[in-house]
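The values are calculated or read from the model by the stated rules, or taken from the named source; none is laboratory data. Since we're looking at a predicted model, the values are computed, not measured. Cβ: placed from backbone, ideal geometry, glycine included. Neighbour counts: every protein chain shown.
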Amino acid sequence: MCLKYAELEKSLGEDRARGIYVFASQFADPRSDADFWNEWHEFEVQHGNEDTFREMLRIKRSVSASYSQTHFILPEYLMQKDQRLNIDEAKDKLKQAGVPEDEMVNANQEDIELPEESDSEDDEKVEITQKDVPTAVFGGLARKREETEKAEGGDDAAAAKDGAGHLGALERIKS
């Protein structure tokens, strides 16, 4: 897209086209996007001077160095004619691209054995205490509940006064 936009700007004036090339250069790896760098090279030969050409070369070296410090596997290095490469071929492609061999590329074939039971014996001894939520949290809703309980009357109201009628959070969720 940037190449097409730079081509449009070239037809209108070279200064903006150069700015587009400078901006787009951060996204173009010189090892894989040779078309972009060749087109910028031709632009500088036709429209630039010695300083702008040197600036283009400096940016190219800078971008190349930043991409060589990135150690991730790019799809264009792993795909060849719509076929997946095996691990050895992928390593060879990465070596050709200048990526140093990393221990992480090698597959670890060891099985990991996990214990079936928990190592902690304290799991069974844990006691969870429940506390009533203060009525101030609910504001007017708490008063409305008390009025409803009084209106129902009978055993429920007596149980509510004793605290036996209050349900904990777990019981409220279950119900």
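Condition check ((1) at pLDDT below 90; (2) outside any helix (DSSP H, G or I); (3) surrounded by 14 or more Cβ atoms within 10 Å (Cβ to Cβ)) across all residues:
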| residue | (1), (2), (3) |
| --- | --- |
| L3 | yes, no, yes |
| P30 | yes, yes, yes |
| W37 | no, no, yes |
| H41 | no, no, yes |
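Yes/no matrix, rows are residues, columns are (1) at pLDDT 90 or above; (2) part of a loop (DSSP other than H, G, I, E, B); (3) β-branched (V, I, T); (4) assigned by TED's automatic domain parsing to the domain that holds F23:
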position: D51; (1), (2), (3), (4): yes, no, no, yes
position: R54; (1), (2), (3), (4): yes, no, no, yes
position: L57; (1), (2), (3), (4): yes, no, no, yes
position: K60; (1), (2), (3), (4): yes, no, no, yes
position: S64; (1), (2), (3), (4): no, no, no, yes
position: I73; (1), (2), (3), (4): no, yes, yes, no
position: E76; (1), (2), (3), (4): no, no, no, no
position: E89; (1), (2), (3), (4): no, no, no, no
position: D92; (1), (2), (3), (4): no, no, no, no
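Given the criterion at pLDDT 75 or above and either under 30 Å from Y67 (Cβ atoms) or of a type in the set (D, E, K, R) (or both), identify the matching residue among E124, E149, E101, E116.
Details: E124 fails: at pLDDT 75 or above; E101 fails: at pLDDT 75 or above; E116 fails: at pLDDT 75 or above.
Going through E124, E149, E101, E116 in turn, just one is at pLDDT 75 or above and either under 30 Å from Y67 (Cβ atoms) or of a type in the set (D, E, K, R) (or both): E149.
Please identify the pairs in which a residue from the range 91-105 that is on the phi > 0 side of the Ramachandran plot has its Cβ atom under 9 Å from the Cβ atom of a residue that is of a type in the set (S, T, N, Q) and modelled with pLDDT of 75 or more, counting only partners at least 6 apart or on another chain.
G98/S68
Does R16 qualify as being part of a loop (DSSP other than H, G, I, E, B), modelled with pLDDT under 90 and surrounded by 12 or more Cβ atoms within 10 Å (Cβ to Cβ)?
Working: part of a loop (DSSP other than H, G, I, E, B): no; modelled with pLDDT under 90: yes; surrounded by 12 or more Cβ atoms within 10 Å (Cβ to Cβ): yes.
Spelling it out, it is not the case that R16 is part of a loop (DSSP other than H, G, I, E, B), modelled with pLDDT under 90 and surrounded by 12 or more Cβ atoms within 10 Å (Cβ to Cβ).
Looking at (1) at pLDDT 70 or above; (2) exposed (fewer than 10 other Cβ atoms within 10 Å of the Cβ); (3) not in a helix (DSSP H, G or I), which one does L167 not meet, given that it meets all the others?
So L167 meets the others, but not (2).
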